[in-house]
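Remarks on the structure that follows.
The values are calculated or read from the model by the stated rules, or taken from the named source; none is laboratory data. Quantities reported herein were computed from a predicted structural model and do not represent experimental measurements. A quick note on method: Cβ atoms are made from the backbone with ideal geometry, for glycine too, and the neighbour counts reach across all protein chains shown.
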Amino acid sequence: MMKIPFLDLMTPHLELEEELVNVFRECLRTASFVGGSQVQGFEEEFAQFCETKYCVAVNSGTDAIRFALVAAGIGRGDEVITVPNTFIATTEAISQTGANVVFVDIDEKTYNMDPSKLEDFLKKRYALDAMRSALRPRAVLPVHLYGQCADMDAIREIADRYGLIVIEDACQAHGAQYFSKRENRWQKAASMGLAAAFSFYPGKNLGACGEGGAITTDDPEIARKVSMLRDHGQAKKYYHDFEGYNGRLDAIQAGFLRVKLKRLSEWNEKRRQNASRYNEILKSVDHIVTPYEPEWTKAVYHLYIIRTKKREELQKYLSEKGVNTGLHYPIPLHLQNAYQKSGLTNGNYPVTEKVAQEILSLPMFPQLTEQQILYVAEKIKEFASDLK
Ligand SMILES: Cc1ncc(COP(=O)(O)O)c(C=O)c1O
């Protein structure tokens with residue numbers, strides 16, 4: 001029996017051990033731990049990768065979302081629209097600005113924000129005299145979940161019409177692309193809204209050897225504000241224009257990220273190849289739904305998600321056969337205890353609720369071998385052939 005991990009964090013780091021240790025040694029020998037040339041170098045290189053004018057490195061994806069929202073002027077009395085099919089960091093960051101979270105449901109095929117649900121929500125919201133309401137929709141925060149871009153042309157068109165700011169949660173989508181008809185070109189996740197937020201949590205497509213995050217933007221004012229927000233509201237040491245946060249990226253992590261960034265395109269390509277290999281084998285298997293990648297996206301498969309009505313059974317079966325899998329995410333955010341007070345219940349976001357019961361994340365990482373993919377796919381076929 002093969003043993004297949006859900007994620008292999010060892011191999012890429014052992015491959016890069018020399019270079020990573022050199023970064024660490026240089027930081028030790030120059031006593032550079034916070035800020036400095038490593039952080040600046042990483043910001044320049046990641047902005048270039050993302051095709052944006054600016055990148056501001058911070059200490060997590062959660063802070064990246066929060067700082068982007070605060071810099072955009074979002075706060076108490078505002079509503080920020082996002083999806084319930086995401087990691088809680090998305091909504092934590094919104095709530096922590098003082099704004100209210102509003103959910104709209106996802107599309108059943110892409111698992112990302114359904115633009116028609118966004119439109120429906122806004123129509124209703126404005127019909128319900130939003131002018132007299134204490135709250136107002138101010139921003140939309142689409143999540144490029146699993147490494148695939150949300151339908152940004154449609155979302156941006158609606159946002160423009162309703163005067164909403166767009167901020168991308170690109171925490172799972174380093175290098176993902178979207179073909180924008182309105183721009184008539186491929187764009188990277190990171191360059192389609194006022195700002196985008198990235199996470200460099202170790203398991204991400206670009207992961208630090210610890211925590212990290214970044215904001216990308218083309219707007220000089222947003223870049224200036226977020227760089228002050230991450231550093232106690234100061235641009236000059238001990239001159240504080242406003243209260244900020246301690247949200248800086250460590251120099252050592254920035255150096256590690258620079259080493260790994262050089263490999264990101266190659267690793268993303270490997271993930272895409274792995275996904276098409278899984279697709280080839282699984283697409284004709286009864287009871288299994290493989291990922292849908294519309295022609296307007298190039299997903300980077302942070303996660304490879306299949307769906308089946310027999311999810312619990314399949315997960316157990318695979319586990320018995322030595323295959324580790326994951327659930328992203330088992331409980332939609334609106335049904336989490338953390339949001340009990342919102343009064344939202346089962347039935348409010350039916351697509352998310354249905355999908356949450358059927359999704360299963362298969363092993364996905366660049367170093368996954370052909371043999372491992374064949375083994376996982378073979379076990380799934382075996383399982384499905386026993387179903388009626
Ligand atoms: C969709 C999404 N948003 C936000 C975050 C938060 O990032 P971090 O864990 O770096 O704070 C993550 C990562 O876990 C994520 O997957």
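Take ALA197 and tell me if it is closer than 13 Å to ASN59 by Cβ, away from the ligand (no atom under 16 Å from the Cβ), touching a residue at least 12 places away in the same chain (Cβ under 8 Å) and of a type outside the set (Phe, Trp, Tyr). Before the answer, list the steps.
Details: closer than 13 Å to ASN59 by Cβ: yes; away from the ligand (no atom under 16 Å from the Cβ): no; touching a residue at least 12 places away in the same chain (Cβ under 8 Å): yes; of a type outside the set (Phe, Trp, Tyr): yes.
Judged against the criteria, ALA197 is not a match.
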Quick count over the stretch 318-354, residues being surrounded by 14 or more Cβ atoms within 10 Å (Cβ to Cβ) and at pLDDT below 95, is 1
ARG76 vs (1) under 17 Å from ARG138 (Cβ atoms); (2) surrounded by 15 or more Cβ atoms within 10 Å (Cβ to Cβ): all pass except (2)
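For the subset of the stretch 355-370 comprising residues that are more than 20 Å from the chain's Cα centre (by Cα) and in contact (Cβ under 8 Å) with a residue 40 or more places away in the chain, which member is surrounded by the most Cβ atoms within 10 Å (Cβ to Cβ)?
Step one: filter the stretch 355-370 for residues more than 20 Å from the chain's Cα centre (by Cα), giving 357-358, 367-370.
Then drop every residue that is not in contact (Cβ under 8 Å) with a residue 40 or more places away in the chain, which leaves 357-358, 367-368, 370.
Numbers: GLN357: 14, GLU358: 15, GLN367: 14, LEU368: 25, GLU370: 10.
Filtering first and then ranking leaves LEU368.
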With the first residue restricted to the stretch 11-28 and required to be free of Cβ contacts under 8 Å to residues at least 24 places away in the same chain, and the second required to be part of a helix (DSSP H, G or I) and among the hydrophobic types (A, V, I, L, M, F, W, C), Cβ contacts under 9 Å at 6 or more apart or on different chains are ASN22/VAL259; LEU28/ILE252
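So in the stretch 215-233, with the set limited to residues that are part of a strand (DSSP E or B) and touching a helix residue (DSSP H, G or I) at 6+ places or on another chain (Cβ under 6 Å), which one is farthest from GLU157 (Cα to Cα)? First the steps, then the outcome.
Filtering the stretch 215-233 for residues part of a strand (DSSP E or B) gives 215-217, 231.
Going one step further and asking which of them are touching a helix residue (DSSP H, G or I) at 6+ places or on another chain (Cβ under 6 Å), we end up with 215-217.
Values: ILE215: 23, THR216: 21, THR217: 19 Å.
Checked the stretch 215-233; the qualifying residue farthest from GLU157 (Cα to Cα) is ILE215.
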TRP186: passes all of (1) crowded, with 18+ Cβ neighbours inside 10 Å; (2) touching a residue at least 60 places away in the same chain (Cβ under 8 Å); (3) not in a helix (DSSP H, G or I); (4) not small (Gly, Ala, Ser) but (1)
Here the residues within the stretch 219-238 that are surrounded by 16 or more Cβ atoms within 10 Å (Cβ to Cβ) and of a type in the set (Lys, Arg) are LYS225, ARG230
Could you say whether any residue in the stretch 79-92 is surrounded by fewer than 22 Cβ atoms within 10 Å (Cβ to Cβ) and away from the ligand (no atom under 15 Å from the Cβ)?
yes
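Out of LEU164, LEU128, which single residue is modelled with pLDDT of 95 or more and either out of contact with any Pro (no Cβ under 7 Å at 6 or more places or on another chain) or surrounded by 14 or more Cβ atoms within 10 Å (Cβ to Cβ) (or both)?
After ruling out the rest, the residue left standing is LEU164.
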For the stretch 27-46, the count of residues that are within 15 Å of the ligand (Cβ to nearest atom) and at positive phi equals 0
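Quick one: which of GLU15, GLU19 is of a type in the set (Asp, Glu) and under 15 Å from ARG258 (Cβ atoms)?
Exactly one of GLU15, GLU19 is of a type in the set (Asp, Glu) and under 15 Å from ARG258 (Cβ atoms), namely GLU19.
Find the residue count for the stretch 47-73, including only residues that are of a type in the set (A, V, I, L, M), surrounded by fewer than 24 Cβ atoms within 10 Å (Cβ to Cβ) and within 16 Å of the ligand (Cβ to nearest atom). Full working, then the answer.
Restricting attention to the stretch 47-73, the residues satisfying the condition of being of a type in the set (A, V, I, L, M) are 47, 56-58, 64-65, 68-72.
Still in the running and surrounded by fewer than 24 Cβ atoms within 10 Å (Cβ to Cβ): 47, 70.
So of that shortlist, the ones also within 16 Å of the ligand (Cβ to nearest atom) come out as 70.
Residues flagged as of a type in the set (A, V, I, L, M), surrounded by fewer than 24 Cβ atoms within 10 Å (Cβ to Cβ) and within 16 Å of the ligand (Cβ to nearest atom) within the stretch 47-73 amount to 1.
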Of the candidates GLU293, GLU280, the one satisfying the condition of being among the acidic types (Asp, Glu) and surrounded by fewer than 15 Cβ atoms within 10 Å (Cβ to Cβ) is GLU280
Turns out the helices (runs of 4 or more DSSP H) fully within the stretch 278-388 with at least 3 residues that are aliphatic (A, V, I, L, M) are 350-358, 370-385
Exactly one of GLY213, GLY244 is away from the ligand (no atom under 14 Å from the Cβ) and closer than 23 Å to ILE94 by Cα, and that residue is GLY244
Residue count, the stretch 239-253, condition over 17 Å from ILE215 (Cβ atoms), buried (at least 20 other Cβ atoms within 10 Å of the Cβ) and out of contact with any strand residue (DSSP E or B) (no Cβ under 7 Å at 6 or more places or on another chain), comes to 1
Of the candidates PHE46, PHE24, the one satisfying the condition of being modelled with pLDDT of 95 or more and closer than 20 Å to ASP218 by Cβ is PHE46
With the first residue restricted to the stretch 226-244 and required to be of a type in the set (Val, Ile, Thr), and the second required to be at pLDDT 95 or above, Cβ contacts under 7 Å at 6 or more apart or on different chains are VAL226/VAL56; VAL226/PHE67; VAL226/ALA68; VAL226/ALA71; VAL226/ILE215
Taking the stretch 160-179 and the residues there that are among the small types (Gly, Ala, Ser) and free of Cβ contacts under 8 Å to residues at least 60 places away in the same chain, the one that is nearest to the ligand (Cβ to nearest atom) would be ALA170
